[in-house]
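A.B. asks: Questions regarding the structure given below will be posed in turn.
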Amino acid sequence: MPENREREPLKFAYWVPNVSGGLVVSKIEQRTDWSYDYNRELAVLAEDNGFEYALSQVRYMAGYGAAYQHESTSFSLALLLATQRLKLIAAVHPGLWHPAVLAKFVATADHLSGGRAAVNVVSGWFKGEFTALGEPWLEHDERYRRAEEFIRVLRASWAEDPAEFSGDFYRLHGYDLKPKPLDVPGRAHPEIFQGGNSTAARAMAGRVSDWYFSNGKDFDGITEQIEEVNRTATPHGRKVRFGLNGFLIARDTEAEARETLREIVAKADVEAVHGFRDAVRQAGSSTGDKKGMWADSAFHDLVQYNDGFRSKLIGTPEQVAHRIVEYKRRGVDLLLLGFLHYKEEVAYFGEHVLPIVRELEASLDTSAATPEPIGARP
């Protein structure tokens, strides 16, 4: 992992709208489509407007304003083949995939795309999906133990020849995967992302993940998470990179941006938000310390189902860009963004917000900035 990471340009990703209903649970107009044709055009537009990554979300059954959804790994591969530079991160669930089978799929996708495949390992919060499929539902920390083994098997499958692994959830006996993923400078294997706000999630990220995704957070919230993940990573000699979720509303005036947010919440699909709230309530409350995903989310937070409003990327291009660069100064390496009207707003971001971000980065006094991730020192 590069040591001068604070001098690297901030990276940007977007949530792939491969699920119907858009990125807010609201009846406001969203000029966004979950179809492949729309998403293919969006992916090309995004890579031409400063986006380096895209995350294909996954749900396995309908609900909460998302009646239709395309499967993440196949959709990601299709978008990889439609683009030249964009890296696709496919969300996957341990318990519904065998990690070595996924390793084979990702290795093939990596070859077909010239080394641009990645995965986001999701421990799983929606009990209904597992029970509907007849799969066992594990308690919170057990799901993270399984997810950690899942990542270790991915790594072993890609790196060892043959691979051996013996765990509580997965086993490999002389597994010989060929071809391996491509040898790409700057990575040991296809990048592995993970999310989760709980203590178990943070500890797992420090031990095994390349990237840690946080739900929407303010400055103090993300700083606290970065510090805790690094406290686990440092003794293992590891460097974890950090992504932050944010719903971006950039408009020519602050008043326009604030009015858009007000309208989104005012037109919230109350029944769908309450259904989502009831389904995720156990995610944080099931942890021993009551610290986890959505543990303290209010109704208006859940209108954007990954707390994206909390990052407060709302205002003029100048206001949004200054907030983005402050997140970078605090240790964020990547912003994972959602939008109301994707095509228009991705283009607006590339034309009006990103140039200011890059200008601010260039003038950032790196000697005054944190010289390494916050909390990295013992």
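The values are calculated or read from the model by the stated rules, or taken from the named source; none is laboratory data. The shown structure was predicted, so the numbers you read here are calculated from the model rather than taken from an experiment. All Cβ positions, glycine included, derive from the backbone under ideal geometry; neighbour counts span all protein chains shown. Just so you know, the surface numbers come from the protein's heavy atoms only, side chains and all, with ligands and any DNA or RNA stripped out. Shrake-Rupley method; radii C 1.70, N 1.55, O 1.52, S 1.80 Å.
A.B. asks: Probe radius 1.4 Å, ligands and nucleic acids left out: which of 254, 351 has the largest accessible area, and how do the rest follow?
C.D. replies: Reading off the accessible areas and sorting them downward yields 351, 254.
A.B. asks: To the nearest 0.05, what FRET efficiency results for residue 33 and residue 166 with a Förster distance of 45 Å applied to their C-beta separation? List each step's numbers first, then the result.
C.D. replies: On the way: r = 46 Å, r/R0 = 1.02.
My answer for the efficiency is 0.45.
A.B. asks: Quick check for you: with a 1.4 Å probe and neighbouring chains kept, what is the accessible area per residue of the chain, in Å²? Please report the intermediate quantities before stating the final value.
C.D. replies: Numbers: 15200 Å² over 378 residues.
Using a 1.4 Å probe on heavy atoms only, each residue of the chain averages 40 Å².
A.B. asks: Distance check, please: which entries in 104/127; 127/239; 180/343; 267/343 exceed 24 angstrom between their Cα atoms? If you can, show how the numbers build up before the last one.
C.D. replies: On the way: 104/127 27 Å; 127/239 32 Å; 180/343 35 Å; 267/343 22 Å.
Cα-Cα > 24 Å for 104/127; 127/239; 180/343; rest within.
A.B. asks: Using the beta-carbon distance between residue 52 and residue 274 and R0 = 25 Å, what value does 1/(1 + (r/R0)^6) give for FRET efficiency, to the nearest 0.05? Mind dumping the intermediate values first?
C.D. replies: Values: r = 36 Å, r/R0 = 1.44.
Efficiency computed from Cβ-Cβ geometry: 0.10.
A.B. asks: Amide H neighbours of residue 182 under 5 Å, counting only residues 5+ apart in sequence or on other chains, H built in-plane at 1.01 Å?
C.D. replies: 111
A.B. asks: What share of the DSSP beta bridges in the stretch 3-91 is antiparallel, in percent to the nearest 5?
C.D. replies: Working: 2 of 10 bridges.
Close to 20 percent.
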